[in-house]
Amino acid sequence: MSQPIRLRPLKEAARITQMLDLVLGADRFDRAPVDVIGLALEYSRQIAPESPIHEVVERNLPGCVGALVYGEARPRQWAIMYHVGQSDGRRSFTVGHEFAHYLLHRQLIEQDEGFDGGIYCDENSVDRRGGAGIEQEADAFTAALLMPLHDFRRQQPAKARVDFDTLSRLAKRYGVSLTAAILRWLEYTETRAMMVVSNEGFARWAKPSGPALKSGRFIRTKNTVYELPSQAFAARRDYSDRALTGITQQAGVWFTEPVHEMCFRSDRYDQEITVLQFEADGPRFQEEEEESDVFDHFVRNGQAPDR
């Protein structure tokens, strides 16, 4: 019986991770992150010598952060492109995302006329990890390849709270952006936590941990406008050392319970990253998809979530 498609990206990432651990040593992240550009070029030549990735290049891609494209000649020659101006960390995840499409989806991309010579991926699909289908698979592969959980968990235990010093250290260790490191932590942490990305006083998007979502702690940003609480660091444009360290906001500021808030400002990308961490386990609700189904679930049951 074939494996469910959702397992494919994780199995492929695990296979490559085991190979890298064997060749470079299990302590390889103590020395350097994954060289994802070199890996994409070399690995593609090994598994598909007649149709490899022949270059990874920076290009102006309006509306996109990355692309996997192929030439007209057969056998196909592939190229990964990443949008201009990305930080090293964002570029690594973008290249990893397109490498995943090559490994997992290149036959689909080549055969489906709807892709028209390649696949072009936007910010929501890559940086926010908010895509579906093959975009979600590409993100799952990339996170597992660049930030293997067996190493990440050793650096940051699942039950431990975080601070920005720890998150920045993790981002540096894996050669990814701070956003990518936080999203990876949120995937496995057993604490109730949430990341809110904002600018001009409004949330652009938000992501809760599993335990936070199960307790009804999430912010709905899809097809709606969420204004930050006036006491929030980002709303007050307070990016001081106090914001980096964080404070405990009282009940009623973000939700009906106190929450520890810390905030970091990225001038390069004109956005703020707020991390919220709740105490204890909190109330529990049935888990659903946070962006679309959860809100409707609460409303249907007469349990409008705290906003």
I119 passes all but one of (1) surrounded by 16 or more Cβ atoms within 10 Å (Cβ to Cβ); (2) β-branched (V, I, T); (3) within 21 Å of G175 (Cα to Cα); which number fails? (3)
Which of the residues belonging to the range 199-250 are on the phi < 0 side of the Ramachandran plot and in contact with a Pro (Cβ under 7 Å, 6 or more places away or on another chain)? S215, R217, F218, A235, T248, Q249, Q250
L170 - would you say it is part of a helix (DSSP H, G or I) and at pLDDT below 95? no
The one condition L146 fails out of (1) within 25 Å of V275 (Cα to Cα); (2) surrounded by fewer than 19 Cβ atoms within 10 Å (Cβ to Cβ) is (2)
Listed residues R217, R265; which is outside any strand (DSSP E or B) and either at pLDDT below 95 or within 21 Å of the chain's Cα centre (by Cα) (or both)? R217
State which residue is surrounded by the fewest Cβ atoms within 10 Å (Cβ to Cβ) when the search covers only the range 255-282 and only residues that are over 14 Å from T191 (Cα atoms) and β-branched (V, I, T). T256
Scanning the range 246-259 residue by residue, those free of Cβ contacts under 8 Å to residues at least 60 places away in the same chain and of a type outside the set (V, I, T) turn out to be Q249, Q250, A251, G252, W254, F255, E257, P258
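The values are calculated or read from the model by the stated rules, or taken from the named source; none is laboratory data. Here the structure is a predicted model, which means the values were calculated and not measured. Ideal geometry is used to build each Cβ from the backbone, glycine not excepted, and the neighbour counts take in all protein chains shown.
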